[in-house]
Structure formats: C-alpha cells, structure tokens
1. Take the chain, connect every pair of alpha-carbon atoms lying under 10 Å apart with a spring to form a Gaussian network, then pick out the residue of GLN234, GLN371, GLN33 with the largest mean-square fluctuation.
2. Taking 60 Å as R0, compute the FRET efficiency from the Cβ-Cβ separation of ALA270 and TYR162 and round it to 0.05.
3. Please figure out what share of the DSSP beta bridges in the chain is antiparallel and state it in percent, rounded to the nearest 5.
4. If r is the Cβ-Cβ distance from ILE372 to ILE153 and R0 is 22 Å, what FRET efficiency results, to the nearest 0.05?
5. Determine, from the Cβ-Cβ distance of ASN283 and GLU193 and an R0 of 22 Å, the FRET efficiency 1/(1 + (r/R0)^6), rounded to the nearest 0.05.
6. If you build a Gaussian network model of the chain, linking Cα atoms that sit under 10 Å apart, which residue out of SER291, SER268, SER232 swings the most?
7. Report the label-to-label distance for GLU348 and GLU244 in nanometres (one decimal), using points 7 Å from each Cα along the Cα→Cβ vector.
8. Calculate the spin-label point distance for ASN212 paired with LEU84, positioning each point 7 Å from the Cα along the beta-carbon direction, and give it in nanometres.
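Nothing in this text is a laboratory measurement; each read-out follows from the coordinates by a stated rule. This is a predicted model, so every value here is computed, not measured. All Cβ positions, glycine included, derive from the backbone under ideal geometry; neighbour counts span all protein chains shown.
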Amino acid sequence: MLEKQLTGHRVDRSICDWFWDHVISQGDSFKSQPVIASPTHYLFQVVREGITFLACTQVEMPPLMGIEFLCRVSDVLSDYLGGLNEDVIKDNFVIVYELLDEMIDNGFPLTTEANILREMIAPPNIVSKVLSVVTGNSSNVSDTLPGATGSCIPWRAAEPKYANNEVYVDLVEEMDAVINRDGALVKCEVYGEVRVNSHLSGLPDLTLSFANPSILDDVRFHPCVRFRPWESHQVLSFVPPDGEFKLMSYRIKKLKSTPLYVKPQLTSDAGKCRVNVLVGIRNDPGKTIDSITLEFQLPPCILSADLNSNHGTVNILGNKICSWTIGRIPKDKTPSLSGTLLLETELERLHVFPTFRVGFRIMGLALSGLQIDKLDLKTAPSRLYKGFRALTRAGEFEVRS
C-alpha cells in the first residue's frame, strides 16, 4: 500500500482497514461504489487494472472532483510506467511519490497534465536507473519549472517548434451489448473517445466539427476545449496539448443492432451437456470484422470438456475458461463450436448456464455512425499534415444462454 498525506491534518491509516473490511464482507457490490460515507470520512475510489486508488476527506466537497482526480492519477501513472500492476508500482514507487507531490498541493489538484509533468519529472528508463545507482541520487525531478506552469495554457509546452506540422485524429469506440437467451437485444450502447496526436509549432488554435453531433448522449471534454462554442454550435474549439491526448469522450445509447450474432444451444441429460454455438455476421458494416473471439466460463459442476470447432482454435484454460479464437468470418461457412461437457456424477442436468463474452475489432469504421466533418487550423503553417482514423472494438459484449 502506498500512502500520501496531502494536508496538514494527518488521516489515520485505520480508515483503510475499515475500507478493506467492508470490501471483504460485501464484495464487488462495495467496490463498485465510487463514493462511500464512513463514520468519520468520505471516501472516493477508482479501480484500474486491479489497483484501487482511494482518497478521503473529512469535509463535504464536489464528489466528481475527487473521482476525476483519481482518474487523472491512474492515467498519468499508466502513461509514465507503461501500464498498471502491483509489480510496476513497486519498482517505481519513487516516481509515484514524486508525481503525487506535483499533481496535488495541500489537498487541491495542481498539475495533472502528463505533457507538463514529463518536463518536471523524467519518465523511468534504463539510463536513469543506471545513473541513480551510480550517483546515489534517485530523484527524477528537474531543477527548473516548465515554461507552461506560469502560462494561461498550462497543458501546452511553451512555443514548441517542428519541421513537419502534423495533427491526427482517431475515433476509438467500444460497443457494450447484452443479448438474452432468446436472442433479443437487451442493451446496446457505444462508449467512444476522440484521441488527438498533435505536433504543431507555436500556439495553434484548432476547430473540429462533426457531421452528426446530435447523436451524442453524454460528452466529457479535455480542459483545453472551450465550452461555449460547443454549447452553441456543437463545435470543438481548442488549443491542443503537445503530443497525444484524449480530446473528448462520449456515449451513444440505445443502438438497434450489433455487427455479430451468437447463437448458443445447450441441452443436457444423463450427466452430459451437448454444446453448439454459431457465430456469424448479423449486419455487414462494410468493413472487415477481425480479431473475433468468444469466451465463457465453464460451470463448477463440469468435470471435463471435449469441444471442437470447424474454424479457428479452441483452448480450455486452467481456470475453466473456454477460449475460442475465430479471427475473421470465412465466406464459405459459418463458424461453429460443438462438443460435450461431462457433469458431476450426482447431476443429471445442467442448472447453471454460462454467459458468452464476445470480442471483435473493426478498423476504419465507427459503429455509432459518428463522422468527423472537418478539422481547421486558424493560423495554418505552410506545410500541415492532417489525418483521420476510426476503430470499433467490443467492450462488455455478452450473450446469455
């Protein structure tokens, strides 16, 4: 456990014991609550890749402020360390503490932009680790402040210069869907992000517009976005950070269909369960659907499984998860998975049915239908390169049996 006290009033570590006691007793239902009221504190929690980020306060405050700050901390650590897991944080705990020192001051968020933090604290690499061992100095903090810290645009480095001015925009979407055992669509929505990779000289002022912004249900912006142009004309006007960043995120609800269908059929008697699963294209999106996978957890009462497919590979993992890697749907046949599950000796029929989790990827298409209209730069340099891409992949895509 890493602990950082951010104000003069020290918070007793016993609050963590209270938190974990309730996590153990209540399970996932407790961990899914972002805001928790304890007898003495208000707690905010965010879980990323199995790591729990916990903040506490003794006074009332805007809850979204605490949640947003924890999300920023997790994003910055993931960006700095190349991922989030227990071993990575243990190996780089000095940098974690240095980042927390710069990101919050006396309990208030201060510098949360990764681009500015990189100028203040060098990311870990082999050279810096060797130097820290040789010199005995483990600090990665720079002796000088970045020029942007005193600027009215704190997310952008001061006057960067490039020989080639480039800006690229990616639409990345994840489809969450739930399909019941009758094949009816219970829920289908898309969570998307607009990611920008900007390498522009000087102080660029960009305008990004969509062809159909009315389909967006929920939006969340990077601090660089001016809210008034969006509120009046649904146009994104902003001075971008230097490098890669998430410009906005959005959600589109109540979609009518999914690109794939999954038809599971399970019949059991006499201590055996016969499985047959078909996977195919429901609505052709016009782009290739690849990286198709299907996973399901075998019930605890299953002693053994004999499963085969006419396309792709089937593996039974050690934790009783069946993984079927399909890849692409062939044109000459429908991929099918079939086989037999052997039940425990005292069971005649299967009473617990698995949920199938589907994965896929579609390059060059946003399934929500969102389209970028144009990207304009007010003071365009003589040579400017622009590009747009789209990607859709499966999020929480479940088919119940």
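1. GLN33
2. Efficiency for this residue pair is about 0.25.
3. The antiparallel proportion sits near 85 percent.
4. Approximately 0.35, to the nearest 0.05.
5. It comes to 0.40.
6. Sorting by GNM fluctuation, first place goes to SER232.
7. 5.8
8. 3.3
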